[in-house]
């Protein structure tokens, strides 16, 4: 029921805002061309929204252009609820008070016909159109950088690291979200950048694909092209399971990839056993802790363990159980951050980017190399190149 309300509510609220904005512009004396531009922009947004919904239900198979998809997401999730609707509400409240004030003083309202706009009217027109203009501007900005990512170099001292593993190099990838925004040349760049690191291990912590299982073959091919001395290991994320969980698992295993689902695998690096333990996706904190307990029972006391968890909150239980290193993703570094500590990341997660430590346990959270949402702010996409030191 809530999903139905959201799906139907977005276009209805968009229509309400459109009608309100058009009336405000007309009252302010805006040109016919300006009002036509508003109508064309809103028609595009609503048509794109319908396209997205029909595509999600496989009722319309033509792929929506990435730019239009970005417009729809930014409008529906940010600019309509955070700027459009509040502006409409505040303007309506202000109009009520203005009418009451004028009635009390018996002041006639001014006509806007055939005269030059005042500064106040220009500000009013700007306030009316700000949500729509911002949506298009943010889309243009976001799409220009959607495939960019950085290599984030990190050196991590670990107290009980075996001496032979001094300098062990890990390429930590996560959240590629192969699909509308991460595809084609972007995947080639991820592969090339990772292979240039010449890491001992490549570890992938979930959200390989974005929404549809149709993108899995391309995503599997990307993983198959990644190179490392000791192997590649993968876990699932929540987006991987949106469409067809069984097909996702089968697709990776048929592709010869080491997908760990509350399972472990052991490799030998410089003569030392390194055990990779991977969690299944869980959202609830208690279920996450149970999964950590399940893989902890698989630990080989003779091996150096590395825990892979899509949700970073697995670190709490992992630290309690003495895992020296946990790698995670899921957060996208917060996606939209005012600075490192203030934004969506800190509002939603205890751990959202980079290194966290608890006594002798460490957590590294990657921002991810891909996107389901077409805008990042102070949360750059990245591949983490992690070097372990004894310390």
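The values are calculated or read from the model by the stated rules, or taken from the named source; none is laboratory data. No experiment lies behind these values; they were computed from the predicted model shown. So basically every Cβ, Gly included, is an ideal-geometry build from the backbone, and we count neighbours across all protein chains shown.
Some observations on this one:
- Any chance residue 232 is in the same structural domain as residue 183 (by TED's automatic domain parsing), buried (at least 18 other Cβ atoms within 10 Å of the Cβ) and either over 19 Å from residue 384 (Cα atoms) or in contact with a helix residue (DSSP H, G or I) (Cβ under 7 Å, 6 or more places away or on another chain) (or both): yes
- If you filter the stretch 8-33 down to residues that are surrounded by fewer than 15 Cβ atoms within 10 Å (Cβ to Cβ) and under 34 Å from the mean Cα position of the chain (by Cα), you find that the one that is nearest to residue 51 (Cα to Cα) is 8.
- Of the residues making up the stretch 244-257, none is under 17 Å from residue 325 (Cα atoms), assigned by TED's automatic domain parsing to the domain that holds residue 179 and in contact (Cβ under 8 Å) with a residue 24 or more places away in the chain.
- Residue 100 falls short on exactly one of the conditions (1) over 21 Å from the mean Cα position of the chain (by Cα); (2) closer than 17 Å to residue 133 by Cβ, and that condition is (2).
- Filter result (surrounded by fewer than 20 Cβ atoms within 10 Å (Cβ to Cβ), within 17 Å of residue 149 (Cβ to Cβ) and in contact with a strand residue (DSSP E or B) (Cβ under 6 Å, 6 or more places away or on another chain)) within the stretch 343-366: none
- Among (1) outside any loop (DSSP other than H, G, I, E, B); (2) under 16 Å from the mean Cα position of the chain (by Cα), the one test that residue 306 misses: (2)
- Among the candidates 340, 317, residue that is closer than 30 Å to residue 160 by Cβ, surrounded by fewer than 18 Cβ atoms within 10 Å (Cβ to Cβ) and in contact with a helix residue (DSSP H, G or I) (Cβ under 9 Å, 6 or more places away or on another chain): 340
- Across the stretch 187-222, the qualifying residues are those that are in contact with a strand residue (DSSP E or B) (Cβ under 8 Å, 6 or more places away or on another chain) and part of a loop (DSSP other than H, G, I, E, B), and the one among them that is farthest from residue 153 (Cα to Cα) is 210.
- Any hit, the stretch 369-386, residues being farther than 20 Å from residue 234 by Cα, buried (at least 19 other Cβ atoms within 10 Å of the Cβ) and in contact with a strand residue (DSSP E or B) (Cβ under 6 Å, 6 or more places away or on another chain): yes
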